[in-house]
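These notes concern the structure reproduced below.
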Amino acid sequence: MKTPPRPHDEMQRLDALRTLRALDTPVEERFERITRLAQKFFGVAMAAITLVDEERQWFKSIQGLDTRQTDRRISFCGHALLEEHLFVVEDAAQDPRFADNPLVTGHPYIRFYAGIPLRARNRQPVGTLCLIDNRPRQAADMDFDALQDLASLTEREFTFDSPGNRAPTNTIRGGARENLLDEVTGLWNWAGLVRQLEESNQRLKLIGGDMTLVWLRVGFDRTSLSAEETNHLRRDWAEKLLSGLEFFDTAGVVSEGDFLMMVSESDRAQLLVRLGMVAQRLSPEEGRDGDHRLPTHLAFAAIRCIDGRLGVAELLDQLEMALPDPDNASGTLALIDGHQRSRVGLL
């Protein structure tokens with residue numbers, strides 16, 4: 001097995017990696033979308049966004065493998081870091097650099113690997129976007145231009161002026177740093193949502209575009225659940241909610257049972273289809289946790305094609321006030337469309 005060599009400017013590379021402030025941070029949907037898309041598009045068993053520090057490769061996002069890190073000395077990504085563009089291994093079992101690698105001879109039995117270096121602002125390589133499969137693949141059969149596009153999107157998420165990339169601030173001297181992610185679901189928390197909305201609102205003012213804002217309230221019986229059971233349910237709901245969103249959509253947590261979605265969908269019919277998918281997946285009839293038919297009730301409120309001139313506080317007040325109460329059928333959507341308001345059943 002060939003151990004990945006260290007770049008000659010390793011110290012500068014590690015400084016660039018630390019500047020990202022991304023190591024050992026929670027799961028984030030903006031990166032999960034990229035690896036899900038890569039896995040699906042290329043039809044591979046695994047897709048990952050890795051960051052490589054002194055001794056390990058750490059997965060900021062990974063599909064198809066239940067782990068968060070592996071040793072750098074046995075990593076494929078450690079080799080990919082040294083490449084200018086693409087690093088491909090078509091059949092690791094036949095490659096003398098990897099044939100006796102424990103990731104090849106044992107779980108996850110890697111055969112194919114393709115990785116593109118991810119670079120910080122100063123162009124130092126800090127990690128990779130990679131595809132992994134447990135069967136050999138021919139590089140000539142793969143559309144690596146698409147992988148490069150996804151790698152560019154990943155770099156943008158790491159480096160552009162986003163709420164998730166801003167330096168945390170202390171709420172009081174010596175106090176806890178502001179956290180923009182919900183620790184249970186990995187989605188934006190309230191502070192992160194407000195910053196995302198401010199950023200999106202500013203973009204709408206400057207360049208226009210369409211965005212629909214959706215508030216989802218999931219009703220459930222808190223009294224019958226432990227904190228651990230509640231957290232399990234919230235993670236499950238977040239996963240189902242995200243399965244109905246597209247690449248450029250985002251979502252966050254308002255409270256235990258309240259979620260906010262920013263949906264890049266201006267067509268009314270398509271919006272209803274997509275929210276209907278979310279409602280079906282969260283439907284009380286699909287509850288499966290013991291005898292609890294959870295959730296007990298779903299309520300949606302949406303402002304379609306929001307006006308960028310409205311303030312964030314005004315938008316959120318309108319949404320929360322429009323939420324259908326529990327007397328309405330589960331899955332009811334209150335839709336604000338310009339000056340028109342309507343009620344739609346999504347189930």
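The values are calculated or read from the model by the stated rules, or taken from the named source; none is laboratory data. Small disclaimer: the values here were computed from a predicted structure and weren't measured. With ideal geometry, Cβ positions are generated from the backbone for all residues, glycine too; neighbour counts draw on all protein chains shown. All accessible areas refer to the heavy atoms of the entire protein, side chains included, with ligands and DNA or RNA removed. Shrake-Rupley method; radii C 1.70, N 1.55, O 1.52, S 1.80 Å.
Couple of notes before you dig in:
- Lysine pair count for the chain [Cα-Cα under 29 Å; pairs on different chains or 8 or more apart]: 4
- Close amide H pairs (under 5 Å, H built 1.01 Å from N) link L118 with V126, G127, T128, L129, residues at least 5 positions away or on another chain.
- Rounded to whole Hz, the Karplus (6.51, -1.76, 1.60) HN-Hα couplings of the stretch 106-121, x for glycine and proline: x, 4, x, 6, 5, 10, 10, 9, 9, x, 10, x, 9, 10, 6, 4
- Binned Cα-Cα distance frequencies in the stretch 83-155 - 5 Å width, integer %: 4, 16, 24, 21, 17, 13, 5, 0
- GNM top mover of E32, E320, E55 - the chain, alpha-carbon springs below 10 Å: E55
- Carbon + sulfur, % of accessible area of the chain - ligands and nucleic acids excluded, 1.4 Å: 48 percent
- In the context of the full set of protein chains, the chain has a per residue accessible area of 48 Å² (1.4 Å probe).
- Fraction of alpha-carbon pairs over 13 Å apart in the stretch 16-57 - percent: 61 percent
- Computed over the Cα atoms of the chain, the ratio of the radius of gyration to the Kirkwood radius (Rg/Rh) comes to 1.01.
- Charge tally for A22 (other residues, Cβ to Cβ under 10 Å; Lys, Arg +1; Asp, Glu -1): 0.
- Kyte-Doolittle at least 0.0, axis length at least 20 Å by Cα - qualifying DSSP helices, the chain: 268-282
- Ordering of 108-121, 127-140 by packing [mean C-beta count within 10 Å, highest first]: 108-121, 127-140
- Förster radius 30 Å - calculated FRET efficiency between F41 and D15 (Cβ-Cβ, nearest 0.05): 0.35
- Distance between modelled label sites at A191 and L65, nm, 7 Å Cα→Cβ extension: 3.3 nm
- Between E239 and A140, the distance separating the two model label sites (each 7 Å from Cα on the Cα→Cβ line) works out to 4.0 nm.
- Local charge for V104 was computed over the other residues whose Cβ lies under 9 Å away, with Lys and Arg +1 and Asp and Glu -1, and equals -1.
- Normalised size of the stretch 12-108, defined as Cα radius of gyration per 2.2 N^0.38 Å with N residues, equals 1.11.
- Normalised contact order of the chain, rounded percent, pairs of Cα under 8 Å and 6 or more residues apart: 13 percent
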